[in-house]
Amino acid sequence: MSTDTDTSTDSGPATGRVIASITTSVDGYVTGPDDRPGQGLGVGGERLHHWVMGGPWTYDSGHDVGGTRGEDRAWLDELTTGLGAGVVGRGMYEAAGAWGGTNPFPGPLVVLTHRPEDQPGPERGFVFVEGLDAALARARELAAGGGISLGGGADLIRQALEAGVVDELAVSTAPVVLGAGKRLFEGFEHDLDLEILGVRHSSYAVHVRYAVRR
(Lines give C-alpha, C1' and ligand atoms only; values in the text may rest on other atoms or scores of the structure.)
Protein backbone atom coordinates (compact mmCIF):
# COMPACT_ATOMS: atom_id res chain seq x y z
CA MET A 1 0.00 0.00 0.00
CA SER A 2 1.34 3.42 -0.92
CA THR A 3 2.36 5.80 1.85
CA ASP A 4 1.83 8.82 -0.39
CA THR A 5 -0.69 11.30 0.94
CA ASP A 6 -1.95 14.60 -0.46
CA THR A 7 -3.86 17.15 1.58
CA SER A 8 -2.78 20.10 -0.56
CA THR A 9 -5.38 22.79 -1.09
CA ASP A 10 -3.53 25.01 -3.56
CA SER A 11 -2.30 23.92 -6.97
CA GLY A 12 0.67 26.24 -7.28
CA PRO A 13 2.23 29.66 -6.73
CA ALA A 14 0.45 32.76 -7.94
CA THR A 15 2.13 34.92 -10.54
CA GLY A 16 4.88 37.10 -9.14
CA ARG A 17 4.98 35.49 -5.71
CA VAL A 18 8.25 34.84 -3.86
CA ILE A 19 8.44 31.25 -2.62
CA ALA A 20 11.29 30.17 -0.33
CA SER A 21 11.78 26.40 -0.31
CA ILE A 22 14.24 24.14 1.51
CA THR A 23 14.59 20.67 3.02
CA THR A 24 15.43 20.09 6.68
CA SER A 25 15.99 17.20 9.04
CA VAL A 26 13.57 16.62 11.90
CA ASP A 27 15.99 18.50 14.17
CA GLY A 28 16.10 21.47 11.82
CA TYR A 29 19.37 21.03 9.93
CA VAL A 30 19.62 21.81 6.20
CA THR A 31 23.03 20.14 5.91
CA GLY A 32 25.02 17.62 7.86
CA PRO A 33 28.52 18.45 9.15
CA ASP A 34 31.31 19.37 6.70
CA ASP A 35 29.17 20.66 3.83
CA ARG A 36 31.44 21.71 0.97
CA PRO A 37 31.91 21.39 -2.80
CA GLY A 38 31.64 17.73 -3.76
CA GLN A 39 29.73 17.03 -0.56
CA GLY A 40 27.28 19.88 -0.64
CA LEU A 41 24.86 18.53 1.97
CA GLY A 42 27.60 17.42 4.37
CA VAL A 43 28.17 14.10 6.12
CA GLY A 44 24.91 12.14 5.98
CA GLY A 45 23.13 15.12 4.45
CA GLU A 46 22.32 13.35 1.20
CA ARG A 47 19.47 11.65 3.10
CA LEU A 48 17.69 15.00 3.11
CA HIS A 49 17.28 14.70 -0.64
CA HIS A 50 16.16 11.11 -0.98
CA TRP A 51 12.81 12.58 -1.98
CA VAL A 52 14.43 14.56 -4.79
CA MET A 53 16.33 11.59 -6.20
CA GLY A 54 13.50 9.08 -5.82
CA GLY A 55 15.41 7.07 -3.22
CA PRO A 56 18.80 6.60 -1.53
CA TRP A 57 21.86 8.01 -3.30
CA THR A 58 25.43 9.02 -2.52
CA TYR A 59 27.88 11.54 -3.92
CA ASP A 60 30.10 8.69 -5.11
CA SER A 61 27.45 6.57 -6.81
CA GLY A 62 25.94 9.35 -8.89
CA HIS A 63 22.39 10.59 -8.78
CA ASP A 64 19.54 11.68 -10.99
CA VAL A 65 17.52 14.74 -10.04
CA GLY A 66 14.92 13.51 -12.53
CA GLY A 67 14.16 10.55 -10.28
CA THR A 68 11.53 12.40 -8.23
CA ARG A 69 8.21 10.56 -8.34
CA GLY A 70 4.82 10.11 -6.71
CA GLU A 71 3.81 12.71 -4.16
CA ASP A 72 7.34 14.08 -4.18
CA ARG A 73 7.05 14.78 -7.91
CA ALA A 74 3.61 16.32 -7.39
CA TRP A 75 5.10 18.56 -4.69
CA LEU A 76 7.98 19.64 -6.92
CA ASP A 77 5.66 20.33 -9.84
CA GLU A 78 3.36 22.33 -7.56
CA LEU A 79 6.25 24.51 -6.39
CA THR A 80 7.70 25.15 -9.83
CA THR A 81 4.46 25.86 -11.70
CA GLY A 82 4.46 29.51 -12.75
CA LEU A 83 8.05 30.23 -11.69
CA GLY A 84 10.04 32.55 -13.92
CA ALA A 85 13.38 32.82 -12.11
CA GLY A 86 15.25 31.68 -9.02
CA VAL A 87 17.66 33.08 -6.45
CA VAL A 88 20.29 31.13 -4.51
CA GLY A 89 23.17 32.11 -2.26
CA ARG A 90 26.81 31.87 -3.31
CA GLY A 91 27.40 29.17 -0.68
CA MET A 92 24.77 26.93 -2.21
CA TYR A 93 26.09 27.62 -5.71
CA GLU A 94 29.61 26.59 -4.70
CA ALA A 95 28.56 23.62 -2.55
CA ALA A 96 26.62 22.27 -5.53
CA GLY A 97 29.70 22.65 -7.71
CA ALA A 98 27.76 25.18 -9.82
CA TRP A 99 25.69 22.18 -10.96
CA GLY A 100 28.45 21.20 -13.33
CA GLY A 101 28.78 24.74 -14.66
CA THR A 102 25.31 25.15 -16.17
CA ASN A 103 22.01 26.18 -14.58
CA PRO A 104 19.86 23.01 -14.43
CA PHE A 105 16.67 24.79 -13.38
CA PRO A 106 13.91 26.27 -15.52
CA GLY A 107 14.40 30.01 -15.90
CA PRO A 108 17.46 32.14 -15.08
CA LEU A 109 19.18 31.65 -11.71
CA VAL A 110 20.37 34.73 -9.80
CA VAL A 111 23.30 34.05 -7.45
CA LEU A 112 23.55 36.38 -4.44
CA THR A 113 27.26 37.06 -3.92
CA HIS A 114 29.80 39.57 -2.63
CA ARG A 115 31.92 38.80 -5.72
CA PRO A 116 29.76 39.60 -8.76
CA GLU A 117 32.90 40.01 -10.87
CA ASP A 118 33.11 36.19 -10.94
CA GLN A 119 30.09 36.13 -13.24
CA PRO A 120 30.34 33.20 -15.70
CA GLY A 121 29.36 33.51 -19.36
CA PRO A 122 25.66 34.21 -20.07
CA GLU A 123 25.27 30.84 -21.77
CA ARG A 124 25.67 29.22 -18.33
CA GLY A 125 22.33 30.58 -17.15
CA PHE A 126 23.62 32.27 -13.97
CA VAL A 127 23.41 35.96 -13.07
CA PHE A 128 25.66 37.17 -10.22
CA VAL A 129 24.26 40.05 -8.16
CA GLU A 130 25.39 41.68 -4.89
CA GLY A 131 22.77 42.49 -2.24
CA LEU A 132 19.39 40.89 -1.53
CA ASP A 133 17.30 43.79 -2.79
CA ALA A 134 19.25 43.96 -6.04
CA ALA A 135 19.07 40.19 -6.49
CA LEU A 136 15.29 40.16 -6.04
CA ALA A 137 14.87 43.12 -8.38
CA ARG A 138 16.94 41.35 -11.05
CA ALA A 139 15.02 38.11 -10.54
CA ARG A 140 11.69 39.93 -10.95
CA GLU A 141 12.96 41.48 -14.15
CA LEU A 142 14.08 38.11 -15.50
CA ALA A 143 10.90 36.35 -14.35
CA ALA A 144 8.77 38.65 -16.53
CA GLY A 145 5.77 38.37 -14.22
CA GLY A 146 6.38 34.78 -13.14
CA GLY A 147 7.03 33.62 -9.59
CA ILE A 148 10.44 33.74 -7.95
CA SER A 149 11.98 30.80 -6.11
CA LEU A 150 14.38 31.33 -3.21
CA GLY A 151 16.16 28.01 -3.16
CA GLY A 152 18.61 28.50 -0.32
CA GLY A 153 20.80 28.20 1.46
CA ALA A 154 19.48 28.86 4.90
CA ASP A 155 21.17 32.26 5.23
CA LEU A 156 19.43 33.58 2.11
CA ILE A 157 16.04 32.38 3.33
CA ARG A 158 16.59 33.95 6.76
CA GLN A 159 17.57 37.26 5.14
CA ALA A 160 14.48 37.23 2.94
CA LEU A 161 12.16 36.38 5.84
CA GLU A 162 13.72 39.15 7.94
CA ALA A 163 13.23 41.58 5.05
CA GLY A 164 9.56 40.64 4.77
CA VAL A 165 9.73 39.75 1.07
CA VAL A 166 8.68 36.08 1.25
CA ASP A 167 5.08 35.25 0.30
CA GLU A 168 5.32 31.49 0.86
CA LEU A 169 7.67 29.23 2.81
CA ALA A 170 7.84 25.63 1.64
CA VAL A 171 9.60 23.23 4.00
CA SER A 172 10.24 19.57 3.28
CA THR A 173 11.17 17.58 6.39
CA ALA A 174 13.12 14.37 5.84
CA PRO A 175 12.68 11.59 8.42
CA VAL A 176 16.24 11.85 9.74
CA VAL A 177 17.94 13.41 12.78
CA LEU A 178 21.37 14.76 11.77
CA GLY A 179 22.51 16.11 15.14
CA ALA A 180 24.84 18.70 13.61
CA GLY A 181 25.33 20.84 10.54
CA LYS A 182 23.68 24.11 9.53
CA ARG A 183 20.26 24.93 10.98
CA LEU A 184 17.58 26.67 8.97
CA PHE A 185 16.70 29.17 11.71
CA GLU A 186 20.08 29.52 13.41
CA GLY A 187 20.13 32.98 15.03
CA PHE A 188 16.73 33.94 13.61
CA GLU A 189 14.86 36.09 16.14
CA HIS A 190 11.85 37.37 14.22
CA ASP A 191 8.29 36.45 15.21
CA LEU A 192 6.29 35.21 12.20
CA ASP A 193 2.75 33.94 11.76
CA LEU A 194 2.32 31.26 9.10
CA GLU A 195 -0.78 29.80 7.50
CA ILE A 196 -0.73 26.18 6.30
CA LEU A 197 -1.65 26.10 2.60
CA GLY A 198 -1.05 22.44 1.84
CA VAL A 199 0.61 19.23 2.95
CA ARG A 200 1.95 16.26 1.01
CA HIS A 201 4.00 13.33 2.17
CA SER A 202 5.79 10.25 0.95
CA SER A 203 8.08 7.78 2.67
CA TYR A 204 10.96 10.22 2.11
CA ALA A 205 9.59 13.56 3.33
CA VAL A 206 6.71 15.57 4.71
CA HIS A 207 6.16 18.66 2.56
CA VAL A 208 4.34 21.70 3.94
CA ARG A 209 3.57 25.02 2.23
CA TYR A 210 2.95 28.04 4.43
CA ALA A 211 1.75 31.53 3.57
CA VAL A 212 3.82 34.11 5.42
CA ARG A 213 1.41 36.55 7.07
CA ARG A 214 2.50 40.15 7.23
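Of all residue pairs spaced 6 or more apart or on separate chains, those with beta-carbon atoms under 8 Å, a first member in the range 195-214 that is farther than 19 Å from residue 163 by Cα and a second member that is aromatic (Phe, Trp, Tyr) and assigned to a strand (DSSP E or B) are 196/210; 197/210. Given (1) among the hydrophobic types (A, V, I, L, M, F, W, C); (2) surrounded by 20 or more Cβ atoms within 10 Å (Cβ to Cβ); (3) more than 20 Å from residue 208 (Cβ to Cβ), where does residue 52 come up short, assuming only one miss? Answer for residue 52: the failing condition is (3).
Inspect all residues belonging to the range 114-128 and state whether any of them is under 23 Å from residue 172 (Cβ atoms) and modelled with pLDDT of 90 or more. Taking every residue of the range 114-128 in turn, none turns out to be under 23 Å from residue 172 (Cβ atoms) and modelled with pLDDT of 90 or more. For the range 18-49, residues that are outside any strand (DSSP E or B), surrounded by fewer than 21 Cβ atoms within 10 Å (Cβ to Cβ) and hydrophobic (A, V, I, L, M, F, W, C) total 2. If you check residue 180 against the conditions, is it part of a strand (DSSP E or B) and of a type outside the set (Lys, Arg)? Considered against the rule, which asks whether it is part of a strand (DSSP E or B) and of a type outside the set (Lys, Arg), residue 180 comes out as no.
Does the range 64-83 hold any residues that are at pLDDT 85 or above and among the charged types (D, E, K, R), and which are they? Answer for the range 64-83, where residues must be at pLDDT 85 or above and among the charged types (D, E, K, R): 69, 71, 72, 73, 77, 78. Out of the residues in the range 44-63 that are within 18 Å of residue 93 (Cα to Cα) and in contact with a strand residue (DSSP E or B) (Cβ under 9 Å, 6 or more places away or on another chain), state the one that is modelled with the lowest pLDDT. Filtering the range 44-63 for residues that are within 18 Å of residue 93 (Cα to Cα) and in contact with a strand residue (DSSP E or B) (Cβ under 9 Å, 6 or more places away or on another chain), the one modelled with the lowest pLDDT comes out as 59.
The criterion of being without any contact (Cβ under 8 Å) to a residue 24 or more places away in the chain and over 24 Å from residue 204 (Cβ atoms) does not hold for residue 56. Evaluating residue 3 against the criteria (1) part of a helix (DSSP H, G or I); (2) at pLDDT below 95 leaves one unmet condition, (1). Suppose we keep only residues that are under 13 Å from the mean Cα position of the chain (by Cα) and assigned to a helix (DSSP H, G or I) within the range 55-90. Which one would you say is surrounded by the most Cβ atoms within 10 Å (Cβ to Cβ)? Looking at residues that are under 13 Å from the mean Cα position of the chain (by Cα) and assigned to a helix (DSSP H, G or I), I get 75.
Checked against the criterion of being modelled with pLDDT of 90 or more and either surrounded by 12 or more Cβ atoms within 10 Å (Cβ to Cβ) or acidic (Asp, Glu) (or both), the range 7-17 has at least one qualifying residue.
The values are calculated or read from the model by the stated rules, or taken from the named source; none is laboratory data. Keep in mind the model is a prediction, meaning the values are calculated, not measured. Reconstructed Cβ throughout: ideal geometry from the backbone, glycine too, with neighbour counts over all protein chains shown.
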